[in-house]
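Everything below concerns the one structure shown next.
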Amino acid sequence: MRLEEHLAGCESDLKELVLRIGEVSKTISKGFASRQSHSDTHNVYGEQQMALDKWADEVLIADLRDSGIVRHLASEEQPDIIEFENATGNLGVVLDPLDGSSLIGVNLAVGTIVGIYRGNVLAPGREMVSAMYVLYGPLTTLTYTVKKGVHEFVLDDDGQFVLQEENIRISDGKIYAPGALRKNYLEGHLKWIEALEAEGYKIRFSGSFVADVHQILHKGGVFTYPGFVGKEQGKLRLLFEANPMGFIVTEAGGATSNGKVDLLSIQPNAVSQRVPIYIGGKKEIEMIEKLNSEV
Ligand code: F6P
Ligand code: MN
């Protein structure tokens, strides 16, 4: 089944948006080889942008502006929320145009992450109406939810997104993907990591958040980029990374947390807000919240 048919029962503006992002992702997937260099600019987080980060950002923003259905847009590569004043629709989009882009040079999987709101994007993640990501690996896959299950499509040899797996439920597996340096772990986090290791969890951390969470979704376990000594809010971004991926994993029967509360319940106070991230199975998320409540 093709993506367009799968979206048949969905609200028309959401359907159009998911399809549009799918089309743009096909363009992005063909543009990697010639844009591997670093640019001379940094984003608001002080990270050096790749030519690809800027290009993916530009093509996505241009398309969403043209769509007329998106009014508010926040991108990880932009300092402020953009408002398209000529829009007739009122969708709000949060965007990490190319997550994991520093891995392009070593040919590991990277992805585009998108969260969709009705209206304002500076809202708790649980107010999202849809979230999706495209993973550019050996396969290009598109995973989406409109709160009716989580579904994955693969770009086939004819350039069409066709159904690969419907109603994905997070598995019960023993993988952990831990960011940050162990010597800087905070107390509750260290206890939790030690508990996972004692239970035989295997480490899998590529440095591409979207790819690492995708693996957890399929194989079970947990991804974390915690707060740590000197950076208690961690590295990753609430709006662009944590919320959309956390929303998808939660829809698939998992959970997400900042180590204390559900990430999706947090009211953001800035577009650039960072947050400690835990995304994965319910039991791993319950365990970190319990251990943190005891320290
Ligand atoms: O977008 C930031 C990011 O590249 C994520 O994709 C990834 O999980 C993380 O940073 C890796 O950070 P580090 O290089 O500190 O392990
Ligand atoms: Mn990112």
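Here are the numbers:
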| read-out | value |
| --- | --- |
| Residues that are in a strand (DSSP E or B) and surrounded by 21 or more Cβ atoms within 10 Å (Cβ to Cβ), drawn from segment 80-100 | Leu91, Gly92, Val93, Val94, Leu95, Asp96, Pro97, Leu98, Asp99 |
| Ser34 buried (at least 18 other Cβ atoms within 10 Å of the Cβ), more than 16 Å from ligand 2 (Cβ to nearest atom) and hydroxyl-bearing (Ser, Thr, Tyr) | no |
| Residues being more than 10 Å from ligand 2 (Cβ to nearest atom) and either surrounded by fewer than 24 Cβ atoms within 10 Å (Cβ to Cβ) or among the polar types (S, T, N, Q) (or both) - total across segment 228-243 | 8 |
| Test: residue in segment 233-255 that is more than 16 Å from ligand 1 (Cβ to nearest atom) and aliphatic (A, V, I, L, M) | yes |
| Any hit, segment 166-187, residues being without any contact (Cβ under 8 Å) to a residue 40 or more places away in the chain, in the same structural domain as Gly254 (by TED's automatic domain parsing) and among the aromatic types (Phe, Trp, Tyr) | no |
| Residues of segment 101-118 that turn out to be out of contact with any helix residue (DSSP H, G or I) (no Cβ under 9 Å at 6 or more places or on another chain) and either open to solvent by less than 10 Å² (accessible area, probe 1.4 Å) or outside any helix (DSSP H, G or I) (or both), as a count | 1 |
| Count of segment 204-225 residues which are within 17 Å of Tyr45 (Cβ to Cβ) and outside any strand (DSSP E or B) | 4 |
| Within segment 29-63, tally of residues that are out of contact with any strand residue (DSSP E or B) (no Cβ under 8 Å at 6 or more places or on another chain) and not hydroxyl-bearing (Ser, Thr, Tyr) | 12 |
| Segment 264-295, subset among the hydrophobic types (A, V, I, L, M, F, W, C) and under 21 Å from Ala195 (Cβ atoms), residue modelled with the lowest pLDDT | Val295 |
| Any chance Phe205 is within 13 Å of ligand 1 (Cβ to nearest atom) and over 18 Å from the mean Cα position of the chain (by Cα) | no |
| Single unsatisfied condition, Lys183 versus (1) touching a strand residue (DSSP E or B) at 6+ places or on another chain (Cβ under 7 Å); (2) within 16 Å of ligand 1 (Cβ to nearest atom); (3) modelled with pLDDT of 95 or more | (1) |
| Pairs where the first residue, in segment 35-48, is modelled with pLDDT of 85 or more and the second is open to solvent by 80 Å² or more (accessible area, probe 1.4 Å), C-beta under 7 Å, 6+ apart | His42/Gln48 |
| Those residues of segment 273-295 which are open to solvent by 50 Å² or more (accessible area, probe 1.4 Å) and either in contact with a strand residue (DSSP E or B) (Cβ under 7 Å, 6 or more places away or on another chain) or assigned to a loop (DSSP other than H, G, I, E, B) (or both), in sequence order | Arg274, Lys282, Glu289, Val295 |
| Pick from segment 152-173, criterion touching a helix residue (DSSP H, G or I) at 6+ places or on another chain (Cβ under 9 Å) and of a type in the set (Val, Ile, Thr), ranking: nearest to Glu23 (Cα to Cα) | Val162 |
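Residue-by-condition table, conditions (1) among the aliphatic types (A, V, I, L, M); (2) over 19 Å from the mean Cα position of the chain (by Cα); (3) buried (at least 18 other Cβ atoms within 10 Å of the Cβ):
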{"site": "Asn120", "(1), (2), (3)": "no, no, no"}
{"site": "Pro124", "(1), (2), (3)": "no, no, no"}
{"site": "Tyr136", "(1), (2), (3)": "no, no, yes"}
{"site": "Thr140", "(1), (2), (3)": "no, no, yes"}
{"site": "Gly159", "(1), (2), (3)": "no, yes, no"}
{"site": "Glu165", "(1), (2), (3)": "no, no, no"}
{"site": "Gly179", "(1), (2), (3)": "no, no, yes"}
{"site": "Glu194", "(1), (2), (3)": "no, yes, no"}
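The values are calculated or read from the model by the stated rules, or taken from the named source; none is laboratory data. The structure displayed is predicted, hence computed values, not measured ones. For neighbour counting, all protein chains shown are included, and Cβ atoms are generated from backbone atoms with ideal geometry for every residue, glycine included. These accessible areas exclude ligands, DNA and RNA; they are computed on the full protein's heavy atoms, side chains included. Shrake-Rupley method; radii C 1.70, N 1.55, O 1.52, S 1.80 Å.
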